[in-house]
Structure formats: structure tokens, C-alpha cells
Amino acid sequence: ATVADTFYSPDYGKSFAPKSGPPGIDDQYIRSALVRMTWQMTSKMKLTAYNDQIDKYRGHNMSAGTDPATAARNWYTPHYYTGAVKWTMTASDKLLFEAGYSTNVEIYTNHSVDPTIPKQRGSAAWYATPVKTDIDLGTTWYAAADTSTGPERYVTQASATYVTGTHNIKGGFQRTWGPFNHTEDRNADLVQRYRSGVPDSVTVYNTPRWWQGRLNYDLGFYIQDSWTIKRLTINPGLRWEIMDGQNTGTVSGGGRFVPERRTETVKNLPHWNDLAPRFGLVYD
């Protein structure tokens, strides 16, 4: 798709006059390969599984005023998928067992589309090619920030259900966990700001950076009941919920304006332990 107010102009970085030229195109695609399998292990047991592998590419991720040739970002996914496995067993005409595992991983990166912009930290060219933006004209050119984002989520669950028709009771547990990684790096560790071509100010950054939040567990044990007595249905339930997260200790290398930084792991962000009851009555 065409992005408004973006042009392939030879005078980006040389002239602050209004730009002209072919419009910038946000070229992108998504390819998905899905595999689904079912195994009837016995007359009472079944195993199902699937995996959806996604390949997403975005050639020029940019907004209005961005120079497509030097400041747009390339978006790609080294790991991007969803998968699940589930086992079920019908032990009798009244008793059902279920257990499963699922995952969702969405790791993707952004980097400058211009292969001529150097990324060798500390080199003369690296200092000379920071992001430049004109506040008055709304234009941006030169090296885009390199970033990566990586949320990962893993889930296990199991349950047992007893059904008679008038009395249905179910109990089980669910647990989910996973890290969330982020990185950021910038040429020259700053952004140069102009006003109609005149240098105005800089925004400095503490890059390179790496940080991680982690969900250690979101764990729940539950039991729920539904009991029908003539016209009255009683629905009691109880869930015990435990959640624990942390900021993981990381090491970020020294930059132009900051030394190497080491952070310690900070636990119990948050740490919750709650009982959640419920009760309902329905009269038909």
C-alpha cells in the first residue's frame, strides 16, 4: 500500500525543500502453513495436534514523512507460530478426562532497509548516520532504530468432568508462563532534530538496551458444579488463582552516553494469591 507523504527523493539529507518523487510503498505479505493431525489411540482415547507456522514480511514499515530509502524499517519474523496438543479420554458414559499443551511465540525484528548505512558501533560512519528528523517539515531520514520484540507464551491444562444430566461437576487446573524480550539499538545513540533545516536539538538514548519481563506462572485450580433439581439449577464454583512475575536481570553493553548496565532480577512483580468463589441460582 502507498504511504501518504513518503517519496523516493534524491535530495533527502541534502535539501530541506519539499520532497517529490515516486511514492513510498509499504510492501508486505504473510505466509501461513498449517498442519493438523488426529490419532484415535483406542476406542476411548484420542490425541489431536496442530501447528500454524507464520512467515510475515514487511519491506518498508514507515509513517508519513519517512524517507523510504533510508529511514523505513524491514520487519521479519524468525519465529512466529501457534501450536497445541490435546488428549481426551472418555472413561465411561459419564466421565471425561482432558489434558493439553499449547504455545504461542511471536518473535519479530525491525532494522533499517538501507544496506549502505553502517552498523559498526563506534565507527565514523556510524556516528554520522543517526536518525535525522525535521520538526517543522515532518520529515525523517537516515538509519532507523534496530529493535526486536519476543513475547512467548506456554500453557498446560487438565480437567475431569462428571456428567449425569442433572448433575455436572468439573475440576482441573490451568497454568501459563513465558518471557517477553525486547532489544533496541540506534546509530550514534541519538536522534538529530532540525527546524526547517536549522539544527535545533538532539534526543539521546541509553542504547544498546536489552530487557525482559517474565511471567513465571499464572496458575489456577478450579472446581465447578451444576445441579438441577426439578426447576431449580444450582451453580457453585471455586477457583484458586496464583500469579507470579518478575523483571529478569540483564546485561546491556556500554553505549555512547552510558556505561555497561547490569540489572538484578526483581521478583514478585506481581505476586497474587486469591480465592475466587462464585454461586448462582436459576429457576425455570
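The values are calculated or read from the model by the stated rules, or taken from the named source; none is laboratory data. Model, not experiment: these values are computed from the prediction. Positions of Cβ are generated from backbone atoms using ideal geometry, with glycine treated the same way; all protein chains shown enter the neighbour counts. SASA here: full protein model, heavy atoms, side chains in, ligands and nucleic acids out. Shrake-Rupley method; radii C 1.70, N 1.55, O 1.52, S 1.80 Å.
For residue 112, the solvent-accessible surface with a 1.4 Å probe is about 10 Å², rounded to the nearest 10.
If R0 equals 30 Å, the separation of the Cβ atoms of residue 116 and residue 136 corresponds to a calculated FRET efficiency of about 0.65.
Annotation for residue 200 and residue 27: the two label points, set 7 Å from Cα along the Cα-Cβ direction, are 3.3 nm apart.
Here the translational diffusion coefficient of the stretch 223-284 follows from Stokes-Einstein with Rh set to the Kirkwood radius across Cα pairs; for 4 °C and 1.567 mPa s it amounts to 81 µm²/s.
Note that the stretch 99-113 has calculated 3J(HN,Hα) couplings of 8, x, 9, 9, 8, 9, 10, 9, 8, 9, 10, 10, 8, 4, 6 Hz, one per residue in order, obtained from phi through the Karplus relation 6.51 cos²θ - 1.76 cosθ + 1.60 (θ = phi - 60°); glycine and proline are x. Convex hull volume of the Cα atoms of the chain, normalised per residue: 199 Å³. Taking all protein chains together and a 1.4 Å probe, the residues 137, 190 rank 137, 190 from largest to smallest accessible area.
Computed with a 1.4 Å probe over protein heavy atoms only, the accessible area of residue 41 comes to about 70 Å².
To the nearest 0.05, how large is the calculated FRET efficiency for residue 279 and residue 175 if R₀ is 22 Å and r is the Cβ-Cβ distance? Efficiency at R0 = 22 Å is approximately 0.30.
Temperature 20 °C, viscosity 1.002 mPa s: under these conditions the Stokes-Einstein estimate for the stretch 59-135, based on its Kirkwood radius over C-alpha pairs, is 126 µm² per second.
Heavy-atom accessible area with a 1.4 Å probe sorts 184, 264, largest first, into 264, 184.
For the set 44, 86, the ranking by accessible area, highest first and with no ligand, DNA or RNA atoms included, is 44, 86 under a 1.4 Å probe. Among 46/230; 56/170; 86/267; 170/230; 56/267; 132/267, which pairs are too far apart, with a Cα-Cα distance over 29 Å? Violating the 29 Å Cα-Cα cut-off are 46/230; 56/170; 86/267; 56/267; 132/267.
Using 0.36 nm per residue and subtracting the Cα-Cα separation, the extra length available between residue 235 and residue 95 on full extension is 48.5 nm.
Structural size metrics of the stretch 140-181, computed from C-alpha coordinates, are Rg and Dmax of 22.1, 69 Å. Straightening the chain between residue 85 and residue 242 buys 54.1 nm, computed as 0.36 nm per residue apart minus the Cα-Cα spacing.
In straight-distance terms, cross-link reach from residue 94 covers every one of the aspartates and glutamates whose alpha-carbon lies under 17 Å from its own, apart from those fewer than eight places away in the same chain; here that gives 225. Accessible area per residue was computed with a 1.4 Å probe on protein heavy atoms; residue 167 scores about 40 Å². Helical content alone sets the calculated 222 nm signal of the chain at -500 deg cm²/dmol, taking -39,500 (n - 2.57) per DSSP H segment of four or more residues and averaging over every residue.
Taking 7 Å steps out from each Cα toward its Cβ at residue 263 and residue 102 produces label points 3.0 nm apart.
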